[in-house]
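This report concerns only the one structure given below.
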Amino acid sequence: MAETISMPKLGFDMAEGLLVRWVRQVGETINKGDVLAEIETDKATVEVESSATGVVLQLIVDQGTMVPVNAPIAIVGNAGEKVAAPGVLKVDAQKSETALNIDPSTLNAAPALASQPSTPTDVSTVKASPLAKKVARDKKVDLSNLKGTGPGGRIVRRDIEAALASGQTHDVGHLPPPPPSSSVILSHNDQTIQTTKLRQAIGRRLVESKTTIPHFYVTHEFKMDALMEMRRQVNAYLPDNEKVSVNDFVLKGTALSLRQFPNLNAAIKGNEIVQFGHVNIGVAVTVPGGLMTVVVKDTDQKTLRQISGEVKAMAGRAREGKVKPEDVDGSTFSTSNLGMYDVEDFIAIINPPEAGILAISSAREIPVVENGLIKPGYRMKATISVDHRVSDGAEAAQFMQVLAGFLEQPIKMLI
């Protein structure tokens, strides 16, 4: 029986997505879990997987079309099966130029170098996705010599990969090298940089959060000596690519603590508070051009190795622009960790509609006083930001005390 594939919803505020490219065409066989298409949202380029096994019977929308969430995009079924579905949604050429800024002639074009040599171009002015610019810098590819196949002729990751595979790349050696570290730049010209869709989305979300949610903050300093020693012992038995981080312990401890405080694992909707039955911890990940939150489902029920492996895999996909819908959907409580940057303390803005977020700082070795004696010890500060419409300071403080019990006696997380 034929099954309709719909535009996925990635986050509560997503209303539509741009269908960038069909990976499979009509008549091709596809298995459940195979990539069917690539879509672009405010947050990332996402690979849409087929939810059915069979033959692609119909592609309902054209490449370059902006599609509302949950709208049908394709039909998969048995070979020869007759289906009744809407005709292919075409991109109106005039509308695409004004509203979507898409040149239909570029949608199926193969990436190629410009035939004529071009003058040196400032990379910041080239029409390319943030991920493409990062890959170009890493691989020393001159973006000014590439023709993009993305919407509106934008250069995307696959264009650079295709150029590298064909050997048709020019080194960016003609661009001025960065100044020596010893030189002092006294002045330079002003530079205007267009914000990315991701940065614009972050701005909208956080302005909404800070102007509509009454935040309050509670900070606690945790004794991390036992956790640091346990981490050392655990990692001694693990290969390099599976070693656990301090953040993995914090995620596990946070999830177990939330089980005791369901009012913080919640969201407010009008005059009601929805307390979630699952504890799905969102983890803020740095990606080119901004941040993205990946989600560890049922964090409280998973081992440290499972949490570590999932975070590594999802963060890798996020940075490569290959996130899956389930990677970024369903968070019930978020965390933001700046510990790798030697940060003593900071606060984070709540990710609506969630009730709270935990800002995690560095575990630092500092002089501490115990029983009147000064000795070295590991300490880490963390601050919880809470929606005052949902909870109060006393509950947040009690949550931090319970979290301290897990972090300061980490053996409790393994029982």
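List every residue whose amide H lies under 5 Å from the amide H of Lys381, counting only residues 5 or more places away in sequence or on a different chain, with H placed 1.01 Å from N in the peptide plane.
Long-range HN contacts for Lys381: Phe222, Ser361, Ser362.
How far apart, in nm, are two points set 7 Å out from the Cα along the Cα-to-Cβ line at Gln398 and at Thr53?
Roughly 5.1 nm, to one decimal.
Please find the FRET efficiency linking Leu164 to Ala226, where r is the Cβ-Cβ separation and R0 is fixed at 51 Å, and quote it to the nearest 0.05.
It comes to 0.60.
Compute the semi-axes of the equivalent ellipsoid of the stretch 187-232, taking the square root of 5 times each eigenvalue of the Cα gyration tensor, and list them largest first in whole Å. Mind dumping the intermediate values first?
Working: eigenvalues 276, 99, 31 Å².
Listed largest to smallest, the semi-axes of the stretch 187-232 are 37, 22, 12 Å.
Using the Kirkwood radius over C-alpha pairs as Rh, can you work out the diffusion coefficient of the stretch 238-348 via Stokes-Einstein at 4 °C, viscosity 1.567 mPa s, in µm² per second?
For these conditions, the coefficient is 88 µm²/s.
Based on the Cβ-Cβ distance from Ala236 to Glu81, what FRET efficiency comes out when R0 is 60 Å, to the nearest 0.05?
0.60
Among Arg199, Arg157, rank each residue by its count of other Cβ atoms within 10 Å, from fewest to most, as a rough exposure measure. Working shown, then result.
Values: Arg199 16, Arg157 21.
By the 10 Å Cβ count, ascending, the order reads Arg199, Arg157.
List the lysines whose alpha-carbon lies under 28 Å from that of Lys243, not counting same-chain residues fewer than 8 positions away?
Straight-line reach from Lys243, under 28 Å: Lys134, Lys223, Lys252, Lys297, Lys302, Lys312, Lys322, Lys324, Lys381, Lys412.
Which order do Leu291, Leu251 fall in if you start with the one that has the fewest other Cβ atoms within 10 Å? Present the calculation step by step, with values, prior to reporting the outcome.
Working: Leu291 15, Leu251 27.
Ranked by crowding around the Cβ, least crowded first: Leu291, Leu251.
Can you sort Leu206, Leu227 so the residue with the fewest Cβ neighbours within 10 Å comes first?
Values: Leu206 16, Leu227 24.
The order, fewest Cβ neighbours first, is Leu206, Leu227.
For Thr196 and Ala71, calculate 0.36 nm times their separation in residues minus their Cα-Cα distance, and state this gained length in nm to one decimal.
Gain in length upon complete extension: 42.5 nm.
Throughout, read-outs are computed from the coordinates displayed, never taken from laboratory work. The structure presented is a predicted model; accordingly, all values stated were derived computationally and were not measured. Counting neighbours? That spans all protein chains shown, and the Cβs are built from the backbone with ideal geometry, glycine included.
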